[in-house]
1. Please go through the range 51-65 and give me each residue that is crowded, with 17+ Cβ neighbours inside 10 Å and assigned to a loop (DSSP other than H, G, I, E, B), ordered by number.
2. Could you tell me which numbered condition residue 74 fails, if it satisfies all but one of (1) outside any strand (DSSP E or B); (2) modelled with pLDDT of 90 or more; (3) touching a helix residue (DSSP H, G or I) at 6+ places or on another chain (Cβ under 9 Å)?
3. I'm told residue 101 meets every condition in (1) in a strand (DSSP E or B); (2) over 18 Å from the mean Cα position of the chain (by Cα); (3) in contact (Cβ under 8 Å) with a residue 40 or more places away in the chain except one. Can you identify the failing condition by its number?
4. So which of 3, 18, 22 is closer than 21 Å to residue 122 by Cβ, loosely packed, with under 14 Cβ neighbours inside 10 Å, in contact with a strand residue (DSSP E or B) (Cβ under 8 Å, 6 or more places away or on another chain) and at pLDDT below 95?
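The values are calculated or read from the model by the stated rules, or taken from the named source; none is laboratory data. Because the structure is predicted, anything quoted here is derived from the model rather than measured. When we count neighbours, we look across all protein chains shown, and the Cβ atoms used for this are built from the backbone with ideal geometry, even at glycine.
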């Protein structure tokens, strides 16, 4: 599956944004839905084999050559300590722009795409405090969309150089 979607080039197709609302791209991992700021999404690419890197963390699938740029690819299921599963025709790589000490491009493998949503800041609830035993600092908040609870991710923390090794 080699189809690619240039997300930032197609924002005008998604309709008007309400005043003060932010747009999030949502995707599926297992039975849960997660969201990232749409302006951080560079593109969505069908699953393709990657080149393995020896001695890398188990959740780092390898690297991908994306038009001359070497992009590390993280299996988000494994990063979240979820059960490993086979990649299917709906499995995609979401290529994200990560900010930190240096600006980087990182791909995340997800089970499938969901939708784009306009979210008002007042609708975002803080993530629950589980104490120090469970790390949730990469979750910026939770929002209810329809009948689903969507976890909004801070991709800069989740995919920082320190976090992905």
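1. Result: 59, single match.
2. Residue 74 satisfies all of (1) outside any strand (DSSP E or B); (2) modelled with pLDDT of 90 or more; (3) touching a helix residue (DSSP H, G or I) at 6+ places or on another chain (Cβ under 9 Å) except (1).
3. The failed condition is (1).
4. Working: 3 fails: closer than 21 Å to residue 122 by Cβ; 22 fails: loosely packed, with under 14 Cβ neighbours inside 10 Å.
Selected residue: 18, the only one of 3, 18, 22 that is closer than 21 Å to residue 122 by Cβ, loosely packed, with under 14 Cβ neighbours inside 10 Å, in contact with a strand residue (DSSP E or B) (Cβ under 8 Å, 6 or more places away or on another chain) and at pLDDT below 95.
Per-residue answers, yes or no, for (1) surrounded by 15 or more Cβ atoms within 10 Å (Cβ to Cβ); (2) out of contact with any strand residue (DSSP E or B) (no Cβ under 8 Å at 6 or more places or on another chain):
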{"site": "26", "(1), (2)": "yes, no"}
{"site": "30", "(1), (2)": "no, yes"}
{"site": "43", "(1), (2)": "yes, no"}
{"site": "49", "(1), (2)": "no, yes"}
{"site": "67", "(1), (2)": "no, yes"}
{"site": "70", "(1), (2)": "no, no"}
{"site": "81", "(1), (2)": "no, yes"}
